[in-house]
Amino acid sequence: MSILNKNLRIVADENMPKVRELFADFGEVTLVDGRKLTNQQVIDADVLLVRSVTKVNESLLNGSSVKFVGTATIGVDHVDKSYLQSNGIGFASAPGCNANAVADYVVSSLCYLHSNKGIDWLNKKIGVIGFGNVGSTVYNRLDMAGCDLVAYDPFKANIEGVNFTSLKRVMQCDIICLHAPLTRDGTNPTYHMLNRDTLAYLSANACIISAGRGGVVDEVALLSRHAELDSRLSLVFDVWENEPAISSETLSLVDIATPHIAGYSKQGREMGTLMIFKAFLDHFNIDTSNNDEESISKGYISSIVTSRDDWDLDVISKVVHSIYDVMRDDSYMRSAYKRPAQKKVPFDNLRKNYIERDELNTCHVGNNNIFTALGFSSRTE
């Protein structure tokens with residue numbers, strides 16, 4: 001589609017970074033609360049830009065003039081793509097935009113589990129469920145760090161160099177990193193994939209890091225298994241069933257609790273906006289000399305020098321947490337849920353007011369390959 005003017009009406013989620021800077025040259029940008037978005041607010045819009053909190057379907061778009069929908073997210077389970085296609089509405093998502101950020105979240109969580117529970121994760125069997133952009137990034141980092149890994153993804157079982165196996169075998173690992181999308185239909189749906197039957201394979205002292213989509217884990221069944229194992233599980237939850245109305249019981253039992261912000265690095269969120277901006281330009285056949293590099297922020301700490309040439313998990317943990325300490329986000333969340341009843345749901349408020357962090361790849365650490373493997377920059381600039 002080609003446009004002859006730059007007077008588009010653009011409705012965008014207020015939590016999308018740099019959305020005004022990128023889109024303002026092409027029309028009026030109206031920022032909205034994505035979770036409370038109504039049909040009336042988009043009825044005259046040409047472009048709708050959302051995040052995962054907005055359900056994009058016939059109810060939202062019926063009778064509107066929307067010609068293009070972009071979601072600055074990896075997952076698309078909140079978008080009725082069939083409806084968009086049948087109505088000739090262009091669509092784009094941002095696959096991979098926050099893969100590095102989520103992998104940082106996993107590494108930071110593992111470092112916390114080492115520092116506070118003595119888990120030597122470099123020498124544990126680690127299973128990765130879901131081998132999309134995020135799962136593959138997590139797998140590749142830990143693989144380069146020398147970890148013993150297996151992966152489960154029924155749709156991707158023949159990738160060279162990846163040790164794919166059954167779900168049962170993954171569930172028997174010491175550490176399970178969960179990055180599957182949420183699907184309810186079709187072949188191998190993931191809704192409650194971790195249920196009473198599959199959770200039975202968990203052994204005492206196992207760890208689950210859930211940073212994909214809420215609903216993949218049956219939380220009632222997990223809490224039951226946790227009790228059966230005398231509470232000897234380590235649980236890291238960034239995604240939850242029934243968000244934003246999460247279970248207080250689950251919250252009270254997990255080791256690390258965060259409000260669906262694993263992918264909320266400054267650079268990852270900016271990349272999500274930039275990716276749908278490029279798709280927007282392509283959809284409307286707009287030619288521009290936009291400088292992509294200026295759309296992604298540099299980190300506050302560009303280099304770290306350690307006082308030791310050797311390394312161990314103590315050193316790794318200190319370095320990782322100097323860039324991103326996941327317990328900062330855990331502390332904010334637990335504090336918010338301890339306050340008296342509020343008008344705003346704490347979960348959404350935490351996400352809306354999230355203090356973004358830098359990605360590990362914005363910082364260089366000496367010449368040690370272990371840090372490069374775990375996601376730090378290999379460059380000194």
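For segment 96-194, which semi-axes, largest first and in whole Å, follow from the square roots of 5 times the eigenvalues of its Cα gyration tensor? Don't jump to the answer; show the numbers that get you there.
Values: eigenvalues 96, 42, 39 Å².
With the √(5λ) rule applied to segment 96-194, the semi-axes are 22, 14, 14 Å.
Counting only helical runs of four or more DSSP H residues, what would the 222 nm mean residue ellipticity of the chain come to if each run contributes -39,500 (n - 2.57) and the total is spread over all its residues?
Working: 15 runs with 129 residues, N = 381.
Helices in the chain give a 222 nm mean residue ellipticity of -9500 deg cm²/dmol.
Output ³J(HN,Hα) for segment 116-127: one whole-Hz value per residue in order, computed from phi by the Karplus curve 6.51 cos²θ - 1.76 cosθ + 1.60 with θ = phi - 60°, and x for Gly and Pro.
3J(HN,Hα) across segment 116-127, in whole Hz: 10, 10, x, 7, 8, 5, 5, 10, 9, 7, 10, x.
Spelling out what I want: for every residue of segment 356-366, take phi, set θ = phi - 60°, compute 6.51 cos²θ - 1.76 cosθ + 1.60 (Karplus), and round to whole Hz; glycine and proline get x.
Values per residue, Gly and Pro as x: 5, 10, 7, 7, 4, 6, 8, 10, 10, 10, x Hz.
What number comes out for accessible area per residue over the chain if the probe is 1.4 Å? Units Å², please.
On the way: 17340 Å² over 381 residues.
Result: 46 Å² of accessible area for each residue.
Specify the residue with the greatest mean-square fluctuation among Ser297, Ser234, Ser265, computed from a Gaussian network of the chain linking alpha-carbon atoms under 10 Å apart.
Most flexible of the set in this elastic network: Ser297.
Cα atoms only: what Rg and Dmax, in Å, come out for segment 55-104?
Using the Cα atoms of segment 55-104, the pair Rg, Dmax is 12.6, 42 Å.
Express in whole angstrom the spacing between the alpha-carbon centres of segment 73-140 and segment 313-356.
Their Cα centres are 18 Å away from one another.
Specify the inter-centroid distance of segment 44-66 and segment 144-172, based on alpha-carbon positions, in whole Å.
Value for the Cα centre distance between the two parts: 38 Å.
Length gain on complete extension for the stretch Asp314 to Ser248, per 0.36 nm per residue less the alpha carbon to alpha carbon distance? Working shown, then result.
On the way: separation 66, 0.36 × 66 = 23.76 nm, distance 3.22 nm.
Separation in residues times 0.36 nm, less the Cα-Cα distance, equals 20.5 nm.
For Asn195 and Leu31 in the same chain, what is the full-extension length gain: residue separation times 0.36 nm, less their Cα-Cα distance, in nm?
This chain segment gains 55.1 nm when fully extended.
Mind checking which lysines have their C-alpha under 23 Å from Lys67, skipping anything on the same chain fewer than 8 residues away?
Lys6, Lys18, Lys36, Lys55, Lys81, Lys278
Let me know the whole percent of all Cα-Cα pairs from segment 1-104 that are separated by more than 24 Å.
Details: 1056 of 5356 pairs.
Counting pairs separated by more than 24 Å, the tail of P(r) holds 20 percent.
Taking a 1.4 Å probe, which of Asp287, Asp33, Asp238 shows the most accessible area, and what order do the others take after it?
On the way: Asp287 145, Asp33 55, Asp238 0 Å².
Correct descending sequence by accessible area is Asp287, Asp33, Asp238.
Under 10 Å, Cα contacts only: if you run a Gaussian network model on the chain, which one of Asp358, Asp80, Asp13 comes out with the highest mean-square fluctuation?
Largest GNM mean-square fluctuation: Asp80.
If you take the beta carbon distance between Ser82 and Ser307 as r and set R0 to 51 Å, what does 1/(1 + (r/R0)^6) give as a FRET efficiency, to the nearest 0.05? Don't skip to the end; give the middle numbers.
Values: r = 58 Å, r/R0 = 1.13.
FRET efficiency, Ser82 to Ser307: 0.35.
Tell me whether segment 141-266 comes out rounded, prolate or oblate; compute the Cα gyration tensor, take square roots of the eigenvalues as a ≥ b ≥ c, and use a/c under 1.5 as the rounded threshold.
Values: a/c = 1.38, a/b = 1.29, b/c = 1.07.
Verdict is rounded for segment 141-266.
Roughly how many percent of the accessible protein surface of the chain is carbon and sulfur, given a 1.4 Å probe and a whole-percent answer? Write out the running numbers ahead of the final one.
Working: 7850 of 17340 Å².
That share works out to 45 percent.
Could you derive backbone 3J(HN,Hα) for segment 256-271 from the dihedral phi with the Karplus parameters 6.51, -1.76 and 1.60 (θ = phi - 60°), listing whole Hz in sequence and x where the residue is Gly or Pro?
Per residue, the Karplus-derived 3J(HN,Hα) values read 10, 10, 9, x, 6, 10, 4, x, 8, 6, 4, 5, x, 5, 5, 5 Hz.
I need to check one value: relative contact order of segment 123-172, counting alpha carbon pairs closer than 8 Å and at least 6 residues apart, in percent.
Numbers: 65 pairs, mean separation 19.7, N = 50.
Relative CO of segment 123-172 lands at 39 percent.
Could you work out the relative contact order of segment 298-367? I mean the mean sequence separation of Cα pairs under 8 Å and 6+ apart, divided by the number of residues, in percent.
Details: 41 pairs, mean separation 45.2, N = 70.
It rounds to 65 percent for segment 298-367.
Quick one: length gained pulling Ser59 to Asp185 fully straight, 0.36 nm per residue minus the C-alpha distance? Don't skip to the end; give the middle numbers.
Numbers: separation 126, 0.36 × 126 = 45.36 nm, distance 2.08 nm.
Length difference between fully extended and current span is 43.3 nm.
Between Arg213 and residues 5 or more places away or on another chain, which pairs have amide H atoms under 5 Å apart, with H built 1.01 Å from N, and which residues are they?
Here Ala180 satisfy the definition.
In what sequence, largest accessible area first, do Tyr324, Tyr83, Tyr201 appear using a 1.4 Å probe?
Values: Tyr324 5, Tyr83 35, Tyr201 90 Å².
Largest to smallest exposure gives the sequence Tyr201, Tyr83, Tyr324.
Using a Förster distance of 22 angstrom, determine the FRET efficiency expected from the C-beta separation of Ala24 and Ile355, and round it to 0.05.
Values: r = 25 Å, r/R0 = 1.14.
Here the calculated transfer efficiency is 0.30.
Under 14 Å from the Cβ of Gln85, count the other residues' Cβ atoms, weight Lys and Arg +1, Asp and Glu -1, and hand me the total. Each step should come with its number before you reach the end.
Values: positive: Lys67, Lys81; negative: Glu58, Asp80.
Charge balance near Gln85 sits at 0.
Determine Rg/Rh for the chain; Rg is computed over alpha-carbon atoms and Rh is the Kirkwood hydrodynamic estimate from the same atoms.
On the way: Rg = 21.2 Å, Rh = 21.8 Å.
Rg/Rh: 0.97.
Highest GNM mean-square fluctuation, the chain, Cα pairs closer than 10 Å: which of Ala200, Ala180, Ala227?
Ala227
The values are calculated or read from the model by the stated rules, or taken from the named source; none is laboratory data. Here the structure is a predicted model, which is why all the values come from computation and not from measurement. Neighbour counts are summed over all protein chains in view; Cβ atoms, including those assigned to glycine, are modelled from backbone coordinates with ideal geometry. All accessible areas refer to the heavy atoms of the entire protein, side chains included, with ligands and DNA or RNA removed. Shrake-Rupley method; radii C 1.70, N 1.55, O 1.52, S 1.80 Å.
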